1. Return yes when ARG64 is surrounded by fewer than 11 Cβ atoms within 10 Å (Cβ to Cβ), of a type outside the set (Gly, Ala, Ser) and either at pLDDT 90 or above or not assigned by TED's automatic domain parsing to the domain that holds PHE146 (or both) and no when it is not.
2. Just checking, which of VAL16, VAL35, VAL86, VAL31 is touching a strand residue (DSSP E or B) at 6+ places or on another chain (Cβ under 7 Å), surrounded by 10 or more Cβ atoms within 10 Å (Cβ to Cβ) and among the hydrophobic types (A, V, I, L, M, F, W, C)?
3. In segment 163-188, which residues are assigned to a helix (DSSP H, G or I) and crowded, with 18+ Cβ neighbours inside 10 Å?
4. Being within 24 Å of the chain's Cα centre (by Cα) and either assigned to a strand (DSSP E or B) or surrounded by 15 or more Cβ atoms within 10 Å (Cβ to Cβ) (or both) is the filter here; which residues of segment 133-147 pass it?
5. Which of the residues spanning segment 99-129 are hydrophobic (A, V, I, L, M, F, W, C) and touching a Ser or Thr at 6+ places or on another chain (Cβ under 8 Å)?
6. Determine whether segment 110-121 contains at least one residue that is loosely packed, with under 11 Cβ neighbours inside 10 Å, of a type outside the set (Asp, Glu) and assigned to a loop (DSSP other than H, G, I, E, B).
7. Which ones in segment 153-162 are more than 19 Å from the chain's Cα centre (by Cα) and either in a loop (DSSP other than H, G, I, E, B) or among the aliphatic types (A, V, I, L, M) (or both)?
Amino acid sequence: MSLQIPAINNQNSGQVVSEAIFGQEFNETLVHQLVTKYLSAARAGTKAQKNRSAVSGGGAKPFRQKGTGRARAGTTRSPVWRTGGVAFAAQPRSYEQKLNKKMYKVGIRSIFSELLRQNRISVCDDIFPAEPKTKDLLAKLEGIEFGRLLIIADELNENLFLSARNVPYLAVVTPTSVDPVSLVSADVVIATTAALKQIEERLA
């Protein structure tokens, strides 16, 4: 069976897509896992602190064991000393989470299916401005109310990219670079016919 994605501002009949890709049930748990994985992989994980072995010095016992009235100490690099190392020092690490390719595809299908059910995705092939001017792009988007807009183009058109970069909360991606966070957070998604075909091929 097939489904119909409406065209922007009802300019034409829209685009027929596969129900196997755009007709899936919404899997909230999997989508949450998908978004968490994407955000975790974006973390730098470069935080680093010195533990007691990484701090220089401290080889000699600072004072004798008994007779000073002070607590015994074997090194000046102990975490209890002001110039010592950190007790549980943070080390560089990777926050990336593993997710199977099949799970990733099912999650993206679920997001696209929910976008279609909520009428938040439309098709438009006349989205590319003739010149790299923001006003030309806004003229093509006239009549569309959105908070965050995501445009999925089959190719990274220079005029479209330059025209969209000054518009707040508007992003331009290709089918190969679309991510779950952008899809979930977008109020409206506009895709070209060729882009939808590429998405179907990638998620098949």
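The values are calculated or read from the model by the stated rules, or taken from the named source; none is laboratory data. Everything numeric in this text was worked out from a predicted model, so none of it was measured. All Cβ positions, even for glycine, are placed from backbone atoms using ideal geometry, and neighbour counts span all protein chains on display.
1. Answer is yes for this residue.
2. On the way: VAL35 fails: touching a strand residue (DSSP E or B) at 6+ places or on another chain (Cβ under 7 Å); VAL86 fails: touching a strand residue (DSSP E or B) at 6+ places or on another chain (Cβ under 7 Å); VAL31 fails: touching a strand residue (DSSP E or B) at 6+ places or on another chain (Cβ under 7 Å).
On inspection, the qualifying residue turns out to be VAL16.
3. Looking only at segment 163-188, we keep the residues that are assigned to a helix (DSSP H, G or I), and these are 163-164, 180-185.
The answer is SER163, ALA164, PRO180, LEU183.
4. Answer for segment 133-147, where residues must be within 24 Å of the chain's Cα centre (by Cα) and either assigned to a strand (DSSP E or B) or surrounded by 15 or more Cβ atoms within 10 Å (Cβ to Cβ) (or both): just PHE146.
5. Going residue by residue through segment 99-129, those that are hydrophobic (A, V, I, L, M, F, W, C) are 99, 103, 106, 108, 111-112, 115-116, 121, 123-124, 127-128.
Across segment 99-129, the qualifying residues are VAL123, CYS124, ILE127.
6. Filtering segment 110-121 for residues loosely packed, with under 11 Cβ neighbours inside 10 Å gives 118-119.
Narrowing the set further to residues that are of a type outside the set (Asp, Glu) leaves 118-119.
Cutting the leftovers down to assigned to a loop (DSSP other than H, G, I, E, B) gives us 118-119.
Yes, because at least one residue in segment 110-121 is loosely packed, with under 11 Cβ neighbours inside 10 Å, of a type outside the set (Asp, Glu) and assigned to a loop (DSSP other than H, G, I, E, B).
7. ASP154, GLU155, ASN157, LEU160, LEU162
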